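Taking it in order: structure first as structure tokens, then the write-up.
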Amino acid sequence: QDYIQKDLIPISRCERVYDLKNKLNSEDYSYWDDIVNAWVPYCKYEYSYDADGNKALSIEYKMDANLNDWVAEYKVEYTYDVNGDMASIMFYSWDVSTNEWNNNAKHKYEYAYDGNDNVRTAQEFMWEDGHWKIVSTTHYY
């Protein structure tokens, strides 16, 4: 069968907002709904930066159709060493029953560098029973 496409309609879009320093502040995702003939938001990300311009925080939200409002899903915190190299990444999930970040679902990565700012060790941790448990360690040579 031959297929001829008459009308091209985008099915999704992403709108990005940047600050005056050209840093990405937010990304809003939506999909096209043929029934209501409009863009429907489903996901957004917000970002913030430290004084050196490094990404310090990202938060993911999902649209709750029942509330017609954004509900937090995940948060990622980034830290850096004195050389500006990423020192750690920490992940949290949002607990809808308590309306706060779930400390029991913490997950993080930590990095160690050599004198030339090359990653030498990466460790993955999970928060369990009130302390960090090493899940994996990767050495780079």
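The values are calculated or read from the model by the stated rules, or taken from the named source; none is laboratory data. Here the structure is a predicted model, which means the values were calculated and not measured. Ideal geometry is used to build each Cβ from the backbone, glycine not excepted, and the neighbour counts take in all protein chains shown. To get the accessible areas, we keep the full protein, side chains included, count just its heavy atoms, and leave off ligands, DNA and RNA. Shrake-Rupley method; radii C 1.70, N 1.55, O 1.52, S 1.80 Å.
The residues of region 24-45 that are among the charged types (D, E, K, R) and surrounded by fewer than 13 Cβ atoms within 10 Å (Cβ to Cβ), listed by number, are D33, D34.
Selection of region 90-134 for residues being free of Cβ contacts under 8 Å to residues at least 12 places away in the same chain and closer than 21 Å to K75 by Cβ yields D95, S97, T98, N99, E100, N102, E128, G130, H131, K133. Figure legend. Inter-residue proximity from region 56-67: first residues free of Cβ contacts under 8 Å to residues at least 12 places away in the same chain, second residues open to solvent by less than 40 Å² (accessible area, probe 1.4 Å), beta-carbon distance below 7 Å, spacing 6+ or different chains. Indicated pairs: D64/V71. Name the residue, out of L20, L67, that is closer than 21 Å to T98 by Cα and over 18 Å from the mean Cα position of the chain (by Cα). Result: L67 is the single residue among L20, L67 that is closer than 21 Å to T98 by Cα and over 18 Å from the mean Cα position of the chain (by Cα). Considering region 102-114, the residues that are open to solvent by 50 Å² or more (accessible area, probe 1.4 Å) and modelled with pLDDT under 90 include one that is nearest to I59 (Cα to Cα), namely N103.
Residues that are among the charged types (D, E, K, R) and out of contact with any Asp or Glu (no Cβ under 6 Å at 6 or more places or on another chain) within region 10-34 comprise R13, D19, K21, K23, E27, D33, D34, listed in sequence order. Restricted to region 46-72, and to residues there that are surrounded by fewer than 16 Cβ atoms within 10 Å (Cβ to Cβ) and among the polar types (S, T, N, Q), the residue that is nearest to S93 (Cα to Cα) is S48. Within the bounds of region 92-100, is there any residue that is under 15 Å from the mean Cα position of the chain (by Cα), of a type outside the set (S, T, N, Q) and open to solvent by 60 Å² or more (accessible area, probe 1.4 Å)? There is at least one residue in region 92-100 that is under 15 Å from the mean Cα position of the chain (by Cα), of a type outside the set (S, T, N, Q) and open to solvent by 60 Å² or more (accessible area, probe 1.4 Å).
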